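The values are calculated or read from the model by the stated rules, or taken from the named source; none is laboratory data. Source: prediction; values computed, not measured. Cβ placement follows ideal geometry from the backbone for every residue including glycine, while neighbour counts extend to all protein chains displayed.
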Amino acid sequence: MSQNQQIDSTYVVIGGGIAGISCVEALKLYTTEPVLLISESPIVKVVTDIKFYTKIAAGFKVEDRNLQCIENTEYIIDKIIAVNSIEHIIYTANHREIKYKKLCLCTGATPKLLDDKDYVIGLRDTHSVEYFQSIVGTANKVLIVGNGGIATDLVYKLNGIEIIWVIRDEHISSHFLDAGSAEFFSNYLNTQQSSDKVIKRFRYSGERTSGAALGPDWHCGAMFGNHDGKNVIIEYKTEIKSISKSDSVRVELTNGKVYECDFVVSATGVTPNSNLDIRDGSSVDIASDGGIKVDWKMETSLSDIFAAGDVCTVDWTSEHWFQMRLWTQARQMGMYAAKCMHSKHINETLLQDFCFELFTHVTSFFGFKVILLGLYNAQGLDKKECELLVRVTNGQEYIKLVLQNGRVVGAMLIGDTDLEEMCENLILNQIDVTNLMDDLLDPNIDIEDYFD
Ligand SMILES: Cc1cc2nc3c(=O)[nH]c(=O)nc-3n(C[C@H](O)[C@H](O)[C@H](O)COP(=O)(O)OP(=O)(O)OC[C@H]3O[C@@H](n4cnc5c(N)ncnc54)[C@H](O)[C@@H]3O)c2cc1C
Ligand SMILES: NC(=O)C1=CN([C@@H]2O[C@H](COP(=O)(O)OP(=O)(O)OC[C@H]3O[C@@H](n4cnc5c(N)ncnc54)[C@H](OP(=O)(O)O)[C@@H]3O)[C@@H](O)[C@H]2O)C=CC1
């Protein structure tokens, strides 16, 4: 579409990430009215090979595609810089003015960097991990800061290099794992595939359900053994004190340790791209984490402007669901925002999407399938009121059910456990399993028989 031409579209979606593309694809299912995608990048992210493990939990791949490959979609490669929410006009960097009836902002987020030096690197998506691997080729030692998804991915994927992993917590991957499952992975990485198939089952209640209670006490400086030619030194419960560069990059930690490395990876979370110039004297509500606030209909405080994916922050709660900036939720939110926009446009009653009844996430860590359901780490619960059922088979599976008042409220399933459907049903139906506690994770009992 040429510049300076008055463009008018019923629906406009900003951003070619998972949320934006999911929103556009869903809108095309609901309506034949014009849908326009504005993406600052000609490369967009599409979901492929989707596989449902339960009614809600789905795993999928994310592929980079050229915008031309997205069928029957009007698009403009441009950057939105401002909006007039009263006149319903978008202004772009290439001087276009676009009139909309319903607008969805899917502008994502940007990596938070510890420092803006060129030897401190952030990663925007898993694909840049591959790019990163190419530049890391010449390096011998990298220092990774952060204990979330990216750091966990990197520590596993980087080979032939020494890694210093600096985390604030007592165990690794704290945004996903508890101490017990962190120990499971560390055992596996240190001893490769363990030969003895020892099945251990535990039941914890009250105090012992919090933090590191689930596994042996972690000690600082634990190392993963030599795995694929890499050496991982983990520095627990410490942070960066200073980063400087002379011949090499020098990093001082708050625990007094000093490391020399080739560069630092700042895997320290993301900041939503929520800064938007609003040219009508109003302002959009922003949450404390910097995301654009959305209500249960994904609508922002500005009428007819919706938001989905990393850029937004939900201002509603759900009993077994919470927001986490993931592909999983970018896709769910993008599709649901489309339904919300269309329902509002045709003035139809809207019901909240079923997927927000239950937090689900399918991913893999250290080569193991990981399915997280509900409050898998007792998020937001009083740990004293929780009970945990755990079954561990070294090198094969780690299963943890979180229970409150005799009902399952969360599950962490690592390995091919085939328990995801049972766990999803138990959480959604809130079945009292008080009398089944000893059998629930007994591998010799087909627990499904209880519920047929
Ligand atoms: C290294 C890394 C690895 C990850 N791995 C996983 C994983 O394994 N599993 C998982 O569930 N999640 C993962 N995530 C999180 C996941 O990538 C995000 O939650 C998800 O991609 C967010 O999608 P989005 O569409 O909201 O934002 P984005 O994917 O960031 O897309 C935003 C789009 O908007 C465009 N844009 C921004 N501003 C403007 C503007 N003003 N005008 C026009 N266009 C604009 C951008 O160019 C971009 O195309 C990972 C994240 C990172 C950083
Ligand atoms: N397989 C998957 O599902 C993957 C998902 N992702 C997602 O992508 C997004 C970005 O990933 P990522 O960047 O790892 O973000 P995450 O939010 O997952 O983790 C950020 C980590 O950095 C720590 N941190 C933040 N600031 C500092 C600091 N100044 N010094 C030391 N540590 C700090 C946080 O600690 P604290 O918790 O104490 O704030 C946290 O451990 C996340 O939403 C993540 O869930 C990414 C990769 C893979």
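Summary table
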read-out: Residues of the stretch 150-185 satisfying the condition of being assigned to a helix (DSSP H, G or I), among the charged types (D, E, K, R) and more than 13 Å from ligand 1 (Cβ to nearest atom); value: Glu183
read-out: Residue match in the stretch 18-30 (condition: in a loop (DSSP other than H, G, I, E, B) and either under 26 Å from the mean Cα position of the chain (by Cα) or over 21 Å from Asp277 (Cα atoms) (or both)); value: no
read-out: Set Ala151, Ala109: member being of a type in the set (Gly, Ala, Ser), within 16 Å of ligand 2 (Cβ to nearest atom) and under 17 Å from Asp262 (Cα atoms); value: Ala151
read-out: Flag for Ser244 being out of contact with any helix residue (DSSP H, G or I) (no Cβ under 8 Å at 6 or more places or on another chain) and in a strand (DSSP E or B); value: yes
read-out: Looking only at the stretch 268-282, and only at residues there that are assigned to a loop (DSSP other than H, G, I, E, B) and in contact (Cβ under 8 Å) with a residue 12 or more places away in the chain, the one that is surrounded by the fewest Cβ atoms within 10 Å (Cβ to Cβ); value: Ser282
read-out: Residues of the stretch 162-197 satisfying the condition of being modelled with pLDDT under 90, surrounded by 19 or more Cβ atoms within 10 Å (Cβ to Cβ) and not aromatic (Phe, Trp, Tyr); value: Ser186, Leu189
read-out: Test: Lys55 is within 16 Å of ligand 2 (Cβ to nearest atom), charged (D, E, K, R) and in contact (Cβ under 8 Å) with a residue 60 or more places away in the chain; value: no
read-out: Residue match in the stretch 334-341 (condition: within 14 Å of ligand 1 (Cβ to nearest atom), over 20 Å from Val12 (Cα atoms) and crowded, with 20+ Cβ neighbours inside 10 Å); value: no
read-out: Among the candidates Val35, Val24, Val62, residue that is within 12 Å of Gly334 (Cβ to Cβ) and either surrounded by fewer than 22 Cβ atoms within 10 Å (Cβ to Cβ) or modelled with pLDDT of 95 or more (or both); value: Val24
